[in-house]
1. With the crude spin-label approximation of a point 7 Å out along Cα→Cβ, what separation in nm comes out for A:Asn282 versus A:Ala93?
2. Return an integer: the convex hull volume of the alpha-carbon atoms of region A:50-139, in Å³ per residue.
3. So which lysines can A:Lys223 reach, going by Cα to Cα under 29 Å and dropping same-chain residues fewer than 8 places off?
4. What's the center-to-center distance, using Cα atoms, between region A:84-124 and region A:16-62 in Å?
5. As a test of the definition: with a 1.4 Å probe, what buried accessible area, both sides summed, do you compute for A against B, in Å² to the nearest 100?
6. Under a plain spin-label model, where a point goes 7 Å from the Cα along Cα-to-Cβ, how far apart in nm are A:Lys73 and A:Glu402?
7. Using only Cα atoms, locate the centre of region B:25-47 and the centre of region A:364-409, then give the distance between them in Å, rounded to an integer.
8. Within region A:256-342, report the GluC sites (Glu not before Pro) that DSSP leaves as loop and that have at most 16 other Cβ atoms within 10 Å.
Amino acid sequence: MAKILKTVCPTNNDDVDADITSHDTYEKGFPHNAFKRLRDDEPCAWIDEHDGGKGFWAITRYNDIREVNGLPKIFSSAQGIRLEEQSKEEFEARKTFQETDPPVHTRQRMMFHRGFTRKLVSTYEPLIREICNDILNDAVDLNEVDATKEIAKKLPMRMLGRVVGTPDEDAEWLVSKGDSMIANSDPDFTDHVIDKVDTDEYRFLPFRSPAGREIYDYGEKQKKLRENNDMGDVLSMLLQPDKHGDTLSDLEFKNFFALMVAAGNDTTRYSMAFSMHALANNPYIFDCLKSSPDDAPIWSTATEEFIRWASPTMHFRRTATEDYILHNKKIREGDKVAVWFISGNYDERKFAEPFSFNLERENNQHIAFGQGGPHTCLGMWLARLEVKVAMQELLKRVSKIEQIGPEKYLRSNFIRGIKNLPVRLTSA
Amino acid sequence: MALVKYILEDSSEVTIEAQVGQNLMQLAIENNVEGIEGACGGSCMCATCHVKVESVNGAELGERSEMELDVLEMEIDEVASNSRLGCQIEINEKIESITVRIESIQSI
Ligand code: HEM
Ligand code: FES
């Protein structure tokens, strides 16, 4: 059988002029043609915003994204990482370590990093595998399911919770709060749709959402539980002094907890959803993986390809701290700059046949985790493991996955997701 | 200019000319060398640029910094005396050639 499976990305053809700032655009699927045009014709493009925003530069080629990511002094995260405009007061009230630059960032990042290294995360593999049992068995029993709702939505928070040490029974609540913090532009996930309802009174809350406040309180409770009580989990570990005797402040911990719940929830969910979409639509991918044992190298390359293919975090924002020339365009001090990781992951200049899903893609240096700079995803080892194990366990339980209705996409210019994926699962 | 030889995990070799100021992670990414992810972009945080230095001609490499050692110990199962973060090895005027073996940690 051919090694590379040609799969044209699900795209509509009339998306070449799509408004890349509009949440509505993404409800129709990612506008691949619009981004291809930007990569080809205007790799550093000024984009106007229609919601009162000042506009931003869109960086869409792989090499340029890595260049910008690698220059945090010039392309700062410390003035915001989302496109929305914020006053200084709002920003200060809501900021996490993701909204800081080195060297301030470095200290906190390394404190948190202790809990998410590849070495440590890999020891949690058996626990993560165990969690699949109930959720996947239930889904397969149901036969016809929404694979996002019944599988992809449930697994990540249960897995993350097991690793960091929050109780299983809180996972569902954490999922819903994580969703209202991040998916604040899709009415299916929040009552406070950011561009439709007046969310002004929430401006000072984490993620501009009342859910942010609740997560803060929950995080504080978790911290209290661990005072003078080592629970042997990642949260306990993070609350210990590091080898230099440094400790996290109350606020640092609370902010981190909210960030973790927001960041480790829907990103992994949609990576799983896109993986299942590929499995349901391509018998070749399904057969190859189903016949591969858990430790076969193809599972590593497949996992990277699933995550490249999904690219759930479409962009993050930086702010220029000085003038900078890129492709003959002058980015001025104070301008917003968006690095479009998803566009980099489909850049023909970097990836051979980017629109083909290649289970054995060699040297897959995708940037779905924002690689190339200090803010590269803290949870990337956990996310990789979660996606791999979930797909392995799913394939062990089914002989066939068929998509039985059209998928629905999330309304968001920030997170790319399949929010409904109707499938029939035939048990093995 | 220096010659950098990467020995890949399948034992094949790639030799690339490096300019002064480039580091071994950057050089690998720019030339699509397999096995170096360079996730943190040279911020000395991730160890996805881990290499073992086999030989250096022309100059000695400096000592590993405390942070480099910390990160190696956090991420690598067995840190060897020649384990280095590729992003922390910068080509200078004196280095004529350097050979490193890639020990990738991209997959889990
Ligand atoms: C496939 C799943 C995931 C994807 C695609 C993803 C993507 C990303 C991206 C693109 C960034 C870079 C942010 C920037 O450039 O400012 C990031 C940062 C981050 N991610 Fe993830 N993420 C995933 C899963 C997770 C998980 C499971 C966690 C849980 C711990 C997590 C925690 C974080 C944190 C804390 C940061 C901020 C790091 C910093 O600023 O130093 N992520 N992620
Ligand atoms: S690139 Fe991250 S430590 Fe070298």
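1. Distance between label points: 4.6 nm.
2. 219
3. A:Lys88, A:Lys95, A:Lys119, A:Lys153, A:Lys154, A:Lys177, A:Lys243, A:Lys254
4. 27
5. 2600
6. Distance between the two pseudo-spin positions: 6.1 nm.
7. 22
8. Counting only loop positions with at most 16 other Cβ atoms within 10 Å, the GluC sites (Glu not before Pro) in region A:256-342 are A:Glu322, A:Glu333.
The values are calculated or read from the model by the stated rules, or taken from the named source; none is laboratory data. Keep in mind it's a predicted model, so treat the numbers as computed, not measured. Cβ coordinates were reconstructed from backbone atoms using ideal geometry, including for glycine residues, and neighbour counts include every protein chain displayed. Just the protein is used for accessible areas: all its heavy atoms, side chains included, with ligands, DNA and RNA removed. Shrake-Rupley method; radii C 1.70, N 1.55, O 1.52, S 1.80 Å.
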